[in-house]
Amino acid sequence: MGRESTRTVRIGNRVIGGGNPIAIQSMCNTRTENVNETVEQIHRLEAAGCEIIRVTVPNMEAAKAIKAIKKEISIPLVADIHFDYRMAIAAIENGADKIRINPGNIGGEERVRAVVDAARERQIPIRVGVNSGSLEKDLLEKYGGVTAEGIVESAMDKVKMIEDMGYDNLVISIKSSNVLMCVKAHELIARETDHPLHVGITEAGTLYSGNIKSAVGLGIILYQGIGDTIRVSLTGDPVEEVKSAKLILRTLGLREGGVEVVSCPTCGRTKIDLISLANQVETMAAEFDSLSGIKVAVMGCVVNGPGEAREADVGIAGGEGEGLLIRKGQIIRKVPEDKLLETLREELAAIREERQKEV
């Protein structure tokens, strides 16, 4: 079941599934009841490219804060619920665009039904989430521990429970911190359901390890045509999750826009502070997110630098305390090292202006 064939689900002002663009999600790490702090973080995430945001709702104060938060943001808001079904109902009543629940940890069938009835009344989608750490005892015994098959069976049992209650406005999420288990689980569940899938590697880790695990796992899953929304789960500033998700999608050709920065690994021939410059260029390039199909090369020496830079739209080939500025294969001029970053910014601004004139 490829993403073009999944059902469409509306989450606030966004539609997922059915071949719509894969949406980037993140989750606030603020206390939801602290409205100002939460709104400030969501604004930063929006600016970075986040398209759906999730907040935790562990208490009634957090549930009530959703109404105030919603007034200040423009992207859909998802309420994350665990254990207390009343928090799910309160979140819906206060304007959540979607709720995330694990029906297995909010009580019996009647409590699940109460949540489903509230969602049905307002046509709020329910994300049914199952993690490898929350598998039921009988499934652990059946499969001899945590397995991809057990994760899928657990999720589909919960989906069937809600469908039997007459509601199918659903999104499914199955996650594991074991990358290959997570991949296999998504391959299995994609054959069993046409509900949209939210994909991610849960508890992936720090910025370093989490990015590697997420890139590998999400890369395999998405390349197979599986997945309608994604989250890169990292221990740190959630803005980094959004930046990583965008790069994963662009690398797979699943999203256009943004400037691609390539840089050489440096060697003893490098005569400029290329490592610092490349990092600054990558940060600066985010200012030009509306540009698509633009490549910037930051190269450290005259051996491979000119050739690589000529293949880019804009490039630098480092010299000793200076660099050659190259645009569309032509050497434009030499630029002192301390002017290279600003010169690249000016060139990108010029490209953006040229494109605007063409329109």
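The values are calculated or read from the model by the stated rules, or taken from the named source; none is laboratory data. Being a predicted model, the structure only gives us computed values, none of them experimental. Virtual Cβ from ideal backbone geometry, glycine too; neighbours counted across all protein chains shown. Note: accessible area is taken over every heavy atom of the protein model, side chains too, but ligands, DNA and RNA are not part of it. Shrake-Rupley method; radii C 1.70, N 1.55, O 1.52, S 1.80 Å.
Dipole size in debye (nearest 20) for the chain around its Cα centre, Lys and Arg Cβ +1, Asp and Glu Cβ -1?
Result for the chain is approximately 320 debye, rounded to the nearest 20.
Would you mind working out the accessible area per residue for the chain, using a 1.4 Å probe, and quoting it in Å²?
45
Any idea what the dipole of the range 138-244 comes to, in debye rounded to 20, about its Cα centre with Lys/Arg Cβ at +1 and Asp/Glu Cβ at -1?
Roughly 380 debye for the range 138-244.
Per residue, how big is the convex hull of the range 27-152 when only Cα atoms are used? Give it in Å³.
So the per-residue hull volume is 111 Å³.
Spin-label point model (7 Å from Cα, Cβ direction): what's the A114 to L254 distance in nm?
3.7
Of Q123, M87, M165, which is farthest towards the positive pole of the range 82-196's charge dipole, taken about the Cα centre with +1 and -1 on the beta-carbons of Lys, Arg and Asp, Glu respectively?
Going by the Cα projections, it comes out as M87.
Taking R0 as 22 Å, what FRET efficiency do you get between Q330 and Y208 from their Cβ-Cβ distance, rounded to the nearest 0.05?
The calculated FRET efficiency here is 0.05.
With unit charges on the beta carbon (Lys/Arg positive, Asp/Glu negative), name the residue among S290, N178, P265 whose Cα is farthest towards the positive pole of the charge dipole of the range 137-290.
Of the options given, the answer is P265.
How do 38-49, 90-101, 246-257 rank on mean C-beta neighbours within 10 Å, highest first?
Peptide ranking by packing, descending: 90-101, 38-49, 246-257.
On the protein heavy atoms, probe 1.4 angstrom, tell me the percent of accessible surface of the chain carried by carbon and sulfur.
Here it works out to 48 percent.
Within the set K334/K357; K328/K357; K158/K243; K64/K158; K213/K243; K98/K158, which residue pairs have Cα atoms separated by over 25 Å?
Table pairs above 25 Å Cα-Cα are K334/K357; K158/K243; K64/K158.
About the Cα centre of the range 309-350, how large is the charge dipole given +1 on each Lys and Arg Cβ and -1 on each Asp and Glu Cβ? Please answer in debye to the nearest 20.
Rounded to the nearest 20 debye, it is 220 debye.
Relative to the present Cα-Cα distance, how much length would full extension add between H82 and T8 at 0.36 nm per residue of separation?
Here the answer is 24.1 nm.
Output the 0 to 90 degree angle, nearest 10, between the alpha-carbon long axis of helix 179-190 and the longest principal axis computed from the alpha carbons of the chain.
Helix 179-190 sits at roughly 60 degrees to that axis.
I need the shape label for the range 135-207. Rule: rounded when a/c is under 1.5, else prolate if a/b > b/c, else oblate, with a, b, c from the alpha carbon gyration tensor.
In terms of gyration-tensor shape, oblate.
Using only Cα atoms, tell me the angle between helix 148-164 and the longest principal axis of the chain; keep it within 0 to 90° and round to the nearest 10.
For helix 148-164, the angle is close to 60 degrees.
Please give the helix 207-223 orientation as an angle from the longest Cα principal axis of the chain, in degrees from 0 to 90, rounded to the nearest 10.
Around 70 degrees separate the two axes.
For the chain, what is the mean residue ellipticity at 222 nm derived from helices alone (per DSSP H run of n ≥ 4: -39500 (n - 2.57); sum divided by total residues; nearest 500 deg cm²/dmol)?
Rounded to the nearest 500, the figure is -13500 deg cm²/dmol.
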